1. Where in the stretch 75-177 are the strands (runs of 3 or more DSSP E), entirely inside, with at least 3 residues that are open to solvent by 10 Å² or more (accessible area, probe 1.4 Å)?
2. For the structure I just gave you, tell me whether residue 316 is in a helix (DSSP H, G or I), more than 16 Å from ligand 2 (Cβ to nearest atom) and out of contact with any strand residue (DSSP E or B) (no Cβ under 7 Å at 6 or more places or on another chain).
3. Select from the stretch 294-310 the residues that are free of Cβ contacts under 8 Å to residues at least 60 places away in the same chain and part of a helix (DSSP H, G or I) and write down the one among them that is farthest from residue 279 (Cα to Cα).
4. Considering only residues that are within 16 Å of ligand 2 (Cβ to nearest atom), surrounded by fewer than 24 Cβ atoms within 10 Å (Cβ to Cβ) and part of a helix (DSSP H, G or I), which ones fall in the stretch 357-375?
5. Please go through the stretch 65-74 and give me each residue that is more than 20 Å from residue 147 (Cα to Cα) and either open to solvent by 30 Å² or more (accessible area, probe 1.4 Å) or of a type outside the set (Gly, Ala, Ser) (or both), ordered by number.
6. Exactly one of (1) outside the structural domain of residue 322 (by TED's automatic domain parsing); (2) in contact (Cβ under 8 Å) with a residue 24 or more places away in the chain; (3) away from ligand 2 (no atom under 16 Å from the Cβ) is unmet by residue 142. Its number?
7. Do you know which residues across the stretch 178-207 are within 14 Å of ligand 2 (Cβ to nearest atom) and assigned to a loop (DSSP other than H, G, I, E, B)?
8. In this structure, is residue 143 farther than 16 Å from residue 81 by Cβ and touching a strand residue (DSSP E or B) at 6+ places or on another chain (Cβ under 7 Å)?
Amino acid sequence: MFWVQFFSRHASVQKILAISSVTRRPSKSVKHCRSVCLRSIFFNSVKYYPTKLVLGIETSCDDTAAAVVDDTGKILGEALHSQNEVHLKTGGIIPPVAQQLHRENIERIVKETLCVSGISLDELSAVATTVKPGLALSLGVGLEYSLKLVDKYKKPFIPIHHMEAHALTIRLINQVEFPFLVLLISGGHCILVVAQGVSDFLLLGQSVDIAPGDMLDKVARRLSLTKHPECCKMSGGKAIEHLAQQGNRLHYELRAPMRHHRNCNFSFSGLCFNATRIIMQKEKEEGLQEGHLLSCVTDIAAAVQHAVALHIVQRTHRAILFCIKSGILSQTNATLVISGGVASNQYIRRALQIVTDATNFNLLCPPPRLCTDNGVMIAWNGIERMRAGLGVLHSTDGIRYEPKASLGIDISEQVGEVAIKVPSLEVSLNELATINL
Ligand code: KG4
Ligand code: ZN
């Protein structure tokens, strides 16, 4: 905890902590009281120069999340309520249900975050909240709640672009200078961008239909993976990854889409269709109705995961070559950052590592818990924006959420015109399929 780490550098406080450490592990509220008490001792003895403290709030989809982060990147506290289990039962996100769950949990999550952080609302430098893109009903809950907070406590407000936050999360963990290449792969998005500054992006390519996480969720649903004892509570993508480890991808042929389109766009709906066709064929062969588990789910999961990885790898490889060829990135800025829920997939990470090894790029990925939606990335984006003096509002008049919002300047057509041929990495990728991850 921040205050504990902060105070532990102070000798008299170290003594207090040493004494308190032999006592019984306190409950949250006791912990909170103790940190308040320690802080008052500290304030009386040492001159304190406050750092920036931002409360981040995320409700763009199906996670209600909050965090307090300071300007050194320290996470003081965070809390998250996932709606995943509810949506798994209903076979997908029903927006009014997501809205209701956000409403029921947002206050608790914010209070918990502040309590764990040992920070009061008065001490915050600003509140940062996701306002775009996302589900309208979900975004609305976070925005309404945040506007009430900033109005009551007279705090600046920082509206956050969810994808910008995913893209910049890495800078909280690693010292990555701009520019760098970013691949964002999640349930709602699939984009390749060059991050040139905190709010300065070049869009190289994006999915022309659905996102990879959406596709994996659809295939997982069609395979009824919530009925599988090993992955009944996992998101679709996670369930596919889990089962794929036990399967043989070579039993089914699923080809990577768009191989003849020499651009950096993606497409996953054809892959979804082909996977569904295989599932229907197998159901016929095994005499099963839809809704029952096939005997070959692991092999189908492995084939689907491999095709998704191959497609992502080919487009990302072209983006790397384009950035080098056009001089957007040089060998000193040769970094690929991957983030978003699907980036927590180890198989896809390993496949991308093969590409970055072949192109002398550095591959960086936040830990899985910071790849999926979370409050930390929103709070950190708030810190980045405060430091850059970008988009910190002292009046929230006219502020709206935006369900649809692109990221950066779209140069995807120029990327397609250069039509770079990507060398085959087939051999290395075939080896990947035989590695037990
Ligand atoms: O970034 P995220 O938490 O939410 C947004 O979509 O913004 O991503 C959620 C997506 C879901 O589609 C989920 O199935 C997928 O990420 N996902 C995974 C894995 N964990 C979550 N996909 C593949 N492998 C995983 N391990
Ligand atoms: Zn996300």
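The values are calculated or read from the model by the stated rules, or taken from the named source; none is laboratory data. All of these numbers come straight from a predicted model, not from anything done at the bench. We place every Cβ from the backbone using ideal geometry, glycine too, and count neighbours over all the protein chains shown. The accessibility values were calculated without ligands, DNA or RNA, using every heavy atom of the protein model including side chains. Shrake-Rupley method; radii C 1.70, N 1.55, O 1.52, S 1.80 Å.
1. 75-82
2. no
3. Among those that are free of Cβ contacts under 8 Å to residues at least 60 places away in the same chain and part of a helix (DSSP H, G or I), it is 307.
4. 368, 369, 370
5. Restricting attention to the stretch 65-74, the residues satisfying the condition of being more than 20 Å from residue 147 (Cα to Cα) are 70-74.
70, 71, 72, 74, listed by residue number.
6. (3)
7. Scanning the stretch 178-207 gives 186, 187, 188, 189.
8. The answer is yes for residue 143.
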